[in-house]
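Let me begin by presenting the structure, written as structure tokens, before commenting on it.
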Amino acid sequence: MDSLVVLLLYPVNAYLEQELDRRFTLLRLWEHSPPDSLFRAHGSTIRAVVGYPGHKVDAALLDALPSLEIFSSFSVGIDHVDLAECRERGVRVTHTPDVLTDDVADLAVGLAVAALRRIPQADRYVRAGAWKAKGDYTLTTRTRSLHPSSMHSFTLEDPQARLSACSLSCFPWSPPTTQRSAAHPPQPHLPPSLPATATAMESLGVLLLHPMNAYLEQELDRRCRLIRLWDAPPGAAARADFLRAHAAAIRAVVGNAGYNADAALIDALPSLEIVASFSVGIDRVDLAKCRDRGIRVTNTPDVLTDDVADLAVGLAIAALRKIPQADRYVRAGLWKAKGDYTLTTRFSGKRVGIIGLGRIGLAVATRVEAFDCPVNYYQRTKKEYPNYTYYPSVVELAANSDVLVVACPLNEQTRHIVNREVIDALGPKGVLINIGRGPHVDEPELVSALVEGRLGGAGLDVFEDEPNVPEALFTLDNVVLVPHVGSGTHETRQAMADLVLGNLEAHVLKKPLLTPVV
């Protein structure tokens, strides 16, 4: 083998170059200027050429290498090779199919999710401090569709008809019957308020805690007697006076994951009948007090499941393949100035551990199975998922996972469920994806692990003190940051708003709530 003289046209890969140098007599084209000097000195001895799409193998090169027997391309594409000339001269040509198929397919999916959900742009938004300075990031587009035009003829009494109008996700979705409770089917868009409900809705006083969605606010204003809490004058005393002035009229509160009905607010509203949360998470609602007072509580499950699960997969691919970092590299002109971007790590085949196999956890599991990823999980109760491996502790789950996804509800038992011990078990090659809630993770420990290299990387949609993101993360290259946009698509936010409105309508009509919590 060492008698074979190989010409390497370009420094495409350090390992390849090292092995060529160890096994053969290696000549490097870039070490000779002009190249003609190399061809004059060694052209008759060069029997093999290793190249890359950036360098043409044409008649001129073949003329300079009369002893050439084989051209081996470090790529699948061979459009840079004059195949007709090679055939005529008996020069064999090889390329590298199949071994890169999964990586390229992974990147295609990652780029699709990144483009639709604007992951690189959202990452720049957080790093620039714009989330704190300017507020929530713009809504984006989902990777699957709900068809609201198909919904308008349905009524609240016809949930199965509404369900059948949902299109399938772009990811395969065929869970076993045990994986989704019939009590909580997916909820697409609901119809506009029907005339029979209009009178009942007009008498409903609704306190909206925060300007969370323009469509929701517009519909509440059109259908109900809407009171906006942010209209209260500044200061705690003035807010208390504002609530007292409207307390008798307020029968409903609409909040979200960041602003909801705590004990003090509930005590201030003696006529309160229902809390409708524009979110799945209800950890900011005092559920015990609501139960004591007979106050109903609803949230918005299922309609955001697919968007959050898609983002989890997108963040995993973005973190492993460094999509936002590569985007910045290209935009800064560094590809041209410094050459190829650093190599990254593939996603296909990675062991994915999921904390919490609820609606969102199961949707993540189904998606990653399409990438041939073994699925492991932890939750309080082991269930019969024959294709998934259960671990009795989060530490054991992390130790047996390459990617750890947080998808459980937030409560006192799951607060800081990802601590230093879990992070160290995940290790310097592991990646943490948090699409749950910020307090699931001990944030100072996470930051120090990323800074010190004890954790390989992270993709974070949520933080402990939003929108205050630890500034130490802004300069790190091993983390992808997005500003709590799990459900942040136009389609899903409208579906969430319709579900809030549907729950309020069901309440005033004394019908079963669509998504009851209490």
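The values are calculated or read from the model by the stated rules, or taken from the named source; none is laboratory data. What you see is a predicted model; the values in this text were computed from it and never measured. Note that we place each Cβ from the backbone using ideal geometry, even for glycine, and neighbour counts take in every protein chain shown. These accessible areas exclude ligands, DNA and RNA; they are computed on the full protein's heavy atoms, side chains included. Shrake-Rupley method; radii C 1.70, N 1.55, O 1.52, S 1.80 Å.
The value of relative contact order for region 371-518, using C-alpha pairs under 8 Å at least six residues apart, is 15 percent. The residues of the chain present an accessible area of 46 Å² per residue when probed at 1.4 Å with all protein chains retained. In degrees between 0 and 90, to the nearest 10, how far off the longest principal axis of the chain does helix 236-246 point, with axes built from Cα atoms? The answer is roughly 60 degrees.
Structural descriptor for the chain: relative contact order 15 percent, calculated from alpha carbon pairs under 8 angstrom and at least 6 residues apart. Sorted largest first, the spans of the alpha carbon positions of region 282-325 along the three principal axes are 51, 18, 11 Å.
A straight chain from residue 85 to residue 121 at 0.36 nm per residue would run longer than the Cα-Cα distance by 8.4 nm. Taking a ≥ b ≥ c as the square roots of the eigenvalues of the Cα gyration tensor, region 103-147 is classed as oblate, since a/c reaches at least 1.5 and a/b does not exceed b/c.
Residues whose amide H comes within less than 5 Å of that of residue 57, counting only those at least five positions distant or on another chain, are 81, 82 (H built at 1.01 Å from N in the peptide plane). Taken over the chain, the percentage of Cα pairs per 20 Å bin, counting from 0 up to the bin with the maximum distance, is 20, 43, 25, 10, 2. The count of lysine pairs in the chain with alpha-carbon distances below 19 Å, taking only pairs 8 or more places apart or on different chains, stands at 6.
Over region 195-334, what relative contact order in percent results from Cα pairs under 8 Å that are six or more residues apart?
Details: 175 pairs, mean separation 24.2, N = 140.
Answer for region 195-334 is 17 percent.
Each Lys and Arg adds +1 at its Cβ and each Asp and Glu adds -1 at its Cβ; summed about the Cα centre, the chain shows a dipole of about 780 debye.
Could you tell me the ratio Rg/Rh of region 263-356? Both radii from Cα atoms, Rh via Kirkwood.
Numbers: Rg = 22.6 Å, Rh = 17.7 Å.
Here Rg/Rh amounts to 1.28.
Run through all the Cα pairs of region 433-518 and give the fraction in each 10 Å bin from 0, expressed as whole percent. With 10 Å bins starting at 0, P(r) equals 15, 35, 21, 18, 9, 2. Reported value for region 292-409: 159 Å³ per residue, from the convex hull of its C-alpha atoms.
Farthest towards the positive end of the charge dipole of region 99-139, among the residues 116, 105, 131, is the Cα of 131, using unit charges on the Cβ of Lys, Arg, Asp and Glu.
Could you rank the peptides 3-16, 429-442 by their average count of other C-beta atoms within 10 Å per residue, with the highest value first? Display every interim value, and only then the final one.
Values: 3-16: 16.6, 429-442: 23.8.
Put in order of decreasing packing, that is 429-442, 3-16.
How big is the equivalent ellipsoid of region 368-451 along its three axes, where each semi-axis is √(5λ) from the Cα gyration tensor, reported in whole Å from largest to smallest? It would help to have the intermediate numbers written out before the result.
Details: eigenvalues 85, 49, 25 Å².
Output for region 368-451: semi-axes of 21, 16, 11 Å.
For helix 305-321, report the angle its Cα long axis makes with the longest principal axis of the Cα atoms of the chain; keep it between 0 and 90° and round to the nearest 10°. Around 30 degrees separate the two axes. When the convex hull of its Cα atoms is viewed from all sides, region 1-88 shows a mean projected area of 5.5 nm².
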